[in-house]
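Since the structure comes first, as structure tokens, the remarks are kept for the end.
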Amino acid sequence: MRTNNTTPNLAGRTLFITGASRGIGKAIALRASKDGANIVVAAKTDRRHPKLPGTIHQTVEEVESAGGRGLAIKLDVRDDDAVDAAVQQAVEHFGGIDILVNNASAILLEGTQTLAMKRFDLMFDVNVRGTYTTSRACIPALLASTNAHVLNLSPPLNLSSEWFRDHVAYTMSKYGMSMCVLGMAEEFRPQGIAFNALWPRTVIATAAINQLGGAVSPENCRTEAIMADAAHAILCRNSRQCTGNFFLDENVLRARGVRNFDDYQVKPGKPLMKDLFLD
């Protein structure tokens, strides 16, 4: 279903979200579902994982309970042919794609000599290449939408050496996602496809913090809801007037009048930990 160029909500719009079986991707899916959106849940987990919560099928069930329509597609964004097939399946099922959320990501915060090259390859294949190939595959469908958005879950480009010193590979991989925003926003500005990035001001309590070696406690984090609400606000904007931006979740919501963020904290009153890449 196609939408007008101004959208007060996401009703009837189709979102293709990678890594949506859990965490921030799932939260974005459920927030859009409250408007009656169509959600393509594209992720690898189609069966219960021994250590991680959620599957693509569970997310679809929750999407439909929340008021949306869902389509579960098992997808590894490292597989170009599978990405192309998933996009085609989504277009055939819902009649098009209006929004792509590049949420799938891999993280390992290790230095140069301790990081195994297979982990280096994983981060670059998922974060950079996966974002690029999924964007590339969705662009033909996005060109048919009157309010097309691509949202990458990636940070503002900060070239301070502090953010490279301890985990140069992860930093390069996340900045690769951000550079896709920088370049594609200009490349597709004339066609009206918006490319933006969204990043949290504070650490978000997702399964990813388990990869940080106990450096982050959930009580010093916010929940995924703040990222979902910020993403929703961005994706409702006019794509021809909102592209090439590196948004922070808190700033997006402050611009909409939100002043009290206690409801987004895992444990209100506890100090919050600032996320990576922010001075």
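The values are calculated or read from the model by the stated rules, or taken from the named source; none is laboratory data. Keep in mind that this is a model prediction, so the values were computed, not measured. Counting neighbours? That spans all protein chains shown, and the Cβs are built from the backbone with ideal geometry, glycine included. Ligands, DNA and RNA are excluded from the accessible area calculation, which covers all protein heavy atoms including side chains. Shrake-Rupley method; radii C 1.70, N 1.55, O 1.52, S 1.80 Å.
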Listed residue pairs exceeding 29 Å between alpha carbons, taken from Lys51/Lys74; Lys26/Lys274; Lys74/Lys118; Lys26/Lys118: none
Mean residue ellipticity (222 nm) of the chain, computed from DSSP H runs ≥ 4 via -39,500 (n - 2.57), nearest 500: -10500 deg cm²/dmol
Sites Met172 and Ser217, calculated FRET efficiency, Cβ-Cβ separation with R0 30 Å, nearest 0.05: 0.65
GNM top mover of Thr114, Thr146, Thr55 - the chain, alpha-carbon springs below 10 Å: Thr114
Accessible surface of region 77-149 [probe 1.4 Å, protein heavy atoms]: carbon and sulfur percent: 51 percent
Convex hull of region 61-168 built on C-alpha atoms - directionally averaged projected area, nm²: 8.8 nm²
Cα-centred dipole magnitude for the chain, charges only on beta-carbon of K, R (+1) and D, E (-1), debye, nearest 20: 380 debye
DSSP bridge pairs, the chain: antiparallel proportion in percent, nearest 5: 5 percent
Region 1-146 shape via C-alpha gyration tensor axes, a/c threshold 1.5: prolate
Region 28-119: relative contact order as a whole-number percent, Cα under 8 Å and 6+ apart: 25 percent
Net lengthening on full extension, Asp79/Leu157 (0.36 nm per residue, minus Cα-Cα): 25.4 nm
Cα gyration tensor category, rounded, prolate or oblate, for the chain with a/c compared to 1.5: rounded
Relative contact order (%) - criterion: Cα under 8 Å, at least six apart; region: region 158-255: 34 percent
The chain: relative contact order in percent, alpha carbon pairs under 8 Å with at least 6 residues between: 19 percent
Stretch in the chain that is longest and holds no trypsin sites (Lys or Arg not before Pro) that DSSP places in a loop and that have at most 12 other beta carbons within 10 Å: 52-255
Accessible area per residue, Å², the chain with all protein chains present, probe 1.4 Å: 45 Å²
Neighbourhood net charge (13 Å Cβ-Cβ; Lys/Arg +1, Asp/Glu -1) for Phe188: +1
Residue-count net charge about Thr171 - beta-carbon cut-off 12 Å; Lys, Arg +1, Asp, Glu -1: -1
Three-way shape label, region 131-219, alpha-carbon gyration tensor, a/c 1.5: prolate
Positive-pole candidate from Ala43, His57, Ala205, dipole of the chain, charges at beta carbon: Ala205
